[in-house]
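> My questions will all concern the structure given below.
Just so it is clear, none of the values below were taken in a lab; they were calculated from the coordinates. Keep in mind the model is a prediction, meaning the values are calculated, not measured.
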Amino acid sequence: MVSRVGDDDLQNLTVSSGDDAIRYTRTMASCLLEKAGPGVAEYLNNYASQPGLTSSLQAKLPACFDRVAYAGQMKLSVTLFQEALSEALLSAEANFAVPTRDKLAAGTWMTSDVPHRVVQEMATCLVERDRVTSTALVKSEPASPQEAAAFQTLMPLISQCLIRGTTLTSSRAGLRLALAAAVYYQNLSTPSASAAVSEKK
């Protein structure tokens, strides 16, 4: 049986928030995908029932620390890491045949942290309304013209997806990662969607 590491254990690794933490976490996620491969997909696919980081992935983290040029201490958020791993898998177009242990019900992969969940719910709505552009955004290089164009296409949909009375607190980089997780889990729930995206390229 795979053992899991809880949120408190991950928090002992780092301390930061905002775009610095996003850049750090993205670098760690890409490295972890290189070193763990199918273990990343297994973790994401079973996140709904077991959200803690598996001990096998935790063991790979020290090997990735050297890639991160950060002169302070940071906090590694489980939610941010989940989203960054989703982005890494989608960007690499990795296809690991790892089944889910439980059928993913809508929203079960989302955080219980209310401000961040608002962002995740909006990202899910954006993917439902324009899966092709959302996927293209996630697969584009950060801060590239392609990313900017995708954001511009999605912007008119944000007001339609944001629940009235709620406040959105997220940077563009944060919304990008939330979109990555939303695309990943929607593709997981409806595998044929991936094929549909490929056909439109």
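> Could you pull out every residue, at least 5 positions away or on a different chain, whose amide H is within less than 5 Å of the one on Thr54? Hs are placed 1.01 Å off N in the peptide plane, and Pro or chain starts have none.
Val5
> Leu168 to Glu141: extension gain in nm, 0.36 nm per residue of separation minus the Cα-Cα distance? Provide the component values of the computation, followed by the final result.
On the way: separation 27, 0.36 × 27 = 9.72 nm, distance 2.37 nm.
Using 0.36 nm per residue and subtracting the Cα-Cα distance, I get 7.3 nm.
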